[in-house]
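**Student:** Take a look at this one; I'll ask things after.
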Amino acid sequence: MFKTNTYFDDKVMSMAYENEEGKATVGLMAPGEYTFGTTSVEYMTVISGEMQVQLPGTTEWKTYKAYETFVVEANTSFNVKMTSETAYKCVYK
């Protein structure tokens, strides 16, 4: 069944599920800046809004908009920041 997760004083919320794609979450992030760690490869797709992302090993920020996907390698961390509420989907491989 579904599992609900909350992070950063309830500013990030997600629901975990599993289907033919594998393990995944869908969620919302409030405006702010957050750092996430990974344990597997993550395919993150912005559903609504806009997400600025700083991937591991880089100093630059790249903006991802609705329907755009970025990949984060396993066992790393990455930074994100939003200026408005943003929805996302994350598939774990």
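The values are calculated or read from the model by the stated rules, or taken from the named source; none is laboratory data. Remember, it's a predicted structure, so these values are computed and weren't measured experimentally. Every residue, glycine as well, gets a Cβ built from its backbone with ideal geometry; the counts of neighbours run over all protein chains shown. Protein only, heavy atoms only, side chains kept; ligands, DNA and RNA dropped before computing areas. Shrake-Rupley method; radii C 1.70, N 1.55, O 1.52, S 1.80 Å.
**Student:** Which distance in Å, rounded to a whole number, links the C-alpha centroids of the range 75-90 and the range 1-33?
**Tutor:** The range 75-90 and the range 1-33 have Cα centres spaced 11 Å from each other.
**Student:** With only Lys, Arg, Asp and Glu charged, each at its Cβ (+1 for the first two, -1 for the last two), find how big the charge dipole of the chain is about the Cα centre; round to the nearest 20 debye. Walk me through the numbers before you get to the answer.
**Tutor:** On the way: 8 positive and 12 negative charges, 5 e Å.
Charge dipole, the chain, about its Cα centre: 20 debye, nearest 20.
**Student:** Could I ask something else about it? Given an 8 Å cut-off on Cα distances and at least 6 residues of separation, report the relative contact order of the chain as a percent.
**Tutor:** Working: 233 pairs, mean separation 32.4, N = 93.
Normalised by residue count, the contact order of the chain is 35 percent.
**Student:** To continue, here is another question. Pull up the cross-link candidates among the lysines for Lys3, meaning alpha carbon to alpha carbon under 23 Å and not fewer than 8 places away within one chain.
**Tutor:** Lys11, Lys23, Lys89, Lys93
**Student:** Another one. So what is the accessible area of the chain per residue, in Å², with the probe set to 1.4 Å?
**Tutor:** Ligands and nucleic acids excluded, the result is 62 Å² per residue.
**Student:** So what's the convex hull volume per residue for the Cα atoms of the range 7-93, in Å³?
**Tutor:** Each residue corresponds to 83 Å³ of Cα convex hull volume.
**Student:** Pop out the carbon and sulfur fraction of the accessible area of the chain as a percent, whole number, probe 1.4 Å.
**Tutor:** Summing carbon and sulfur atoms, their accessible area is 51 percent of the total for the chain.
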